[in-house]
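Asks: Take this structure, written in structure tokens, and hold onto it; I'll ask about it next.
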């Protein structure tokens, strides 16, 4: 596990964008695993600027998102379909046919989960997976639990995650209580993984992630078993290292 400590969020975002850009430049038809939330926003802004300067081309890239809220319409401003379009996809030349996000509105959600796994498999697998981390150590919506999902599943969100995500909604009551999330085994099958963390509220989770102990109570700690993982954190998130 490689740990890169950057001065602040801006430098963290630049470093992450450079690593993603390197992947795409070296392999133009890369399959990217993408994350949402507040942490990757700076990285997406940097990648958009690189594209606008002609430094990177996404025309052959495919992308798979980690998760989506259950029963939240795609045009809802808090859905991850909307987030990705507004914050990344509409600003670059990634083709719509190569964009994949779990469909939380699917009538048959179990089939949607199976199909999502099959589509990842048929794409050749994820070359580079971007992850954020929750203050409780979750990645995607793989929440701390006695057992973790292996593949893409419909999951219940913890009260802590609902409260953390309530800043994006009018209140905690408006936050969906369930989501479709790629499972831990699917995440770990990615050839390379980059985990981003910013702020003091992530410091405890980062400490537990790289502590040397693997526990389903800190899902991100399973990343220690991956041979090609890079953590990029700012000084605040590295406070306990």
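What follows is calculated from the coordinates using simple rules that are stated; it is not laboratory data. Values in this document were obtained by computation on a predicted structure and should not be read as measured data. Neighbour counts run over all protein chains shown; Cβ positions are idealised from the backbone, glycine included.
Asks: Starting from 0.36 nm per residue, how many nanometres of slack lie between residue 171 and residue 55 once their C-alpha separation is accounted for?
Replies: 37.7 nm
Asks: Is the C-alpha gyration tensor of segment 173-241 telling us rounded, prolate or oblate? Criteria: a/c under 1.5 is rounded; beyond that, a/b larger than b/c is prolate, otherwise oblate.
Replies: Because a/c hits 1.5 or more and a/b fails to exceed b/c, segment 173-241 counts as oblate.
Asks: Taking the alpha-carbon centroid of each part, what is the distance from segment 93-169 to segment 41-67 in angstrom?
Replies: Spelled out, the Cα-based centre of one part sits 20 Å from the other.
Asks: Right, here's the next one. With r as the distance between the Cβ atoms of residue 240 and residue 25 and R0 = 35 Å, compute the FRET efficiency 1/(1 + (r/R0)^6) and round to 0.05.
Replies: 0.50
Asks: Going by the alpha-carbon gyration tensor, a ≥ b ≥ c the square roots of its eigenvalues, is segment 67-119 rounded (a/c under 1.5) or, if a/c is not under 1.5, prolate (a/b greater than b/c) versus oblate?
Replies: It is oblate, given that a/c is not under 1.5 and a/b is not larger than b/c.
Asks: With r as the distance between the Cβ atoms of residue 111 and residue 207 and R0 = 41 Å, compute the FRET efficiency 1/(1 + (r/R0)^6) and round to 0.05.
Replies: Plugging the Cβ-Cβ distance into 1/(1 + (r/R0)^6) gives 0.55.
Asks: Describe numerically, in nm with one decimal, the distance between label points set 7 Å from Cα along Cα→Cβ at residue 159 and at residue 118.
Replies: My value for the distance between the label points is 4.0 nm.
Asks: May I ask what percent, to the nearest 5, of DSSP beta bridges between residues of the chain are antiparallel?
Replies: Of all bridge pairs located within the chain, approximately 30 percent are antiparallel.
Asks: Oh, and also: Note the full-extension length gain between residue 90 and residue 146 as 0.36 nm times their separation in residues minus their Cα-Cα distance, in nm to one decimal.
Replies: Contour length minus the Cα-Cα distance gives 16.2 nm.
Asks: Further question: Calculated from the structure, log10 I(q)/I(0) by the Debye sum over Cα atoms at q = 0.09, 0.14, 0.17 Å⁻¹ equals which of (i) -0.31, -0.80, -1.26; (ii) -0.34, -0.88, -1.39; (iii) -0.40, -0.95, -1.30?
Replies: Calculated log10 I(q)/I(0) by the Debye sum over Cα atoms at q = 0.09, 0.14, 0.17 Å⁻¹: the matching label is (ii).
Asks: Using the basic label-point model (7 angstrom from Cα toward the beta carbon), what is the residue 3 to residue 188 distance in nanometres?
Replies: 2.1
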